[in-house]
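Structure first, then comments.
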Amino acid sequence: MTTRIAVPNKGRLQEPTLRLLREAGLNFETGERALTANAVNADVELLFVRAEDIPELVADGVATLGVTGLDLVAEHGDGLDVILELGYGRCRLAAAAPKDSPYRSLEDLAGARVATSHANTVRRFFSGRDIPIDLIPLRGSVEVSPRLGVADAIVDLVSTGSTLLANGLRELGTILSSQAVLVADPRRANGEVSRMATAFGAVVTARSKRYLLLNAPAGSIEAISALIPGLEAPTVVPLAEEDWVAIHSVVDASDVWHLLPKLKEAGGQGILVLPIDQVIA
Ligand code: AMP
């Protein structure tokens, strides 16, 4: 049976999502206005829809899996399972108020009018903390609502904070940290769902890893292995030159900067750092 995956048809999540699917090994063509695309090498159909509609389409069973923002799953995806965090589309749902207002913290918002396009999430957050707010649900232009006199504060998505600054707003606190996620309905969990999670997870993991190769005198094996233990143990291969070996290992990309001088000091030479396409541990 064809597995249908709902993916964003525009916006910030579209391009990185298509890249992820391709890097996971799915081959497909996309047209400017195509609503669907079939993978040519797998029984998978992509459904291009608004990121906001994806949680509901998965909950309704129209798609088996969906890629969308965690903020939208919190808002519209009651009962869905987040089966994988995808590591892009990072942002936070944050409360903010005009710089010249008396509001300094989330607790200060008791009794305030708070405008947001994430009404369910915001209602849940403040009622869970016993902070009574007057919720103003809006579909867009949330950040201008205090200036228009419609609200005292807002809750909106923020990544750098420059939009808040441009609108004279000060951030008061985070309601939810978000990133792109893969979601499914637990009632329809099947082998294909876990296979997709493995395939996409292999790419997500690989992005934070590097393959490291170096040559070293045999006497350095122990010191170098201690620095780069790899997934289980480093691979050590004899070189044509006597008493020399090649050592291969997988390291965290964020450790490379600190590791390179230490590996050199321990006797490593001809050090290569390569990207990895996929990692399945
Ligand atoms: P949009 O690009 O407006 O269609 O937003 C779709 C989703 O992208 C949002 O629901 C968030 O999950 C994510 N997103 C929105 N704004 C940002 C941002 N500033 N930085 C990163 N991701 C964002």
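FYI, it's all coordinate maths here, none of it is from the lab. Just so it is clear, the model here is predicted, and its values are computed rather than measured. Counting neighbours? That spans all protein chains shown, and the Cβs are built from the backbone with ideal geometry, glycine included.
Quick rundown of the values:
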item: Label-to-label distance, nm, for residues given as N38 and R104 (7 Å Cα→Cβ offset); result: 6.3
item: Listed residues Q14, Q179, Q269, most fluctuating in the chain (Gaussian network, C-alpha, under 10 Å); result: Q269
item: Value in Å of the Kirkwood radius, where the stretch 122-281 supplies the Cα pairs that are averaged; result: 20.8
item: Candidates R33, R170, R22, ranked by Gaussian network fluctuation over the chain, Cα under 10 Å, top entry; result: R33
item: Largest-first principal axis extents of the Cα set of the stretch 39-126 (Å); result: 58, 24, 20
item: FRET efficiency for R50 and L239, using Cβ-Cβ distance with R0 set to 51 Å, rounded to 0.05; result: 0.35
item: Column: log10 I(q)/I(0), Debye, Cα scatterers of the stretch 62-188, q = 0.16, 0.17, 0.18 Å⁻¹; result: -0.77, -0.85, -0.93
item: Gaussian network model of the chain, springs between alpha carbon atoms under 10 Å - residue of L47, L35, L26 with greatest fluctuation; result: L35
item: For the stretch 154-240, alpha-carbon Rg over 2.2 N^0.38 Å; result: 1.91
item: Relative intensity, log₁₀ I(q)/I(0), of the chain from a Debye sum that treats every alpha carbon as a point, q = 0.08, 0.10, 0.13 Å⁻¹; result: -0.50, -0.71, -0.94
item: Relative pair counts by distance (%), Cα atoms of the stretch 97-168, 10 Å bins; result: 21, 57, 22, 0
item: At 0.692 mPa s and 37 °C, Stokes D of the stretch 191-281 from Kirkwood alpha-carbon radius, µm² per second; result: 235
item: Overall Cα dimensions of the stretch 1-95 - principal axes, largest extent first, Å; result: 44, 25, 24
item: Sum of -39500 (n - 2.57) over DSSP H runs of 4+, divided by residues of the chain (222 nm, nearest 500); result: -7000 deg cm²/dmol
item: Peptides ranked, highest mean first, by Cβ atoms within 10 Å: ranges 248-256, 198-206; result: 198-206, 248-256
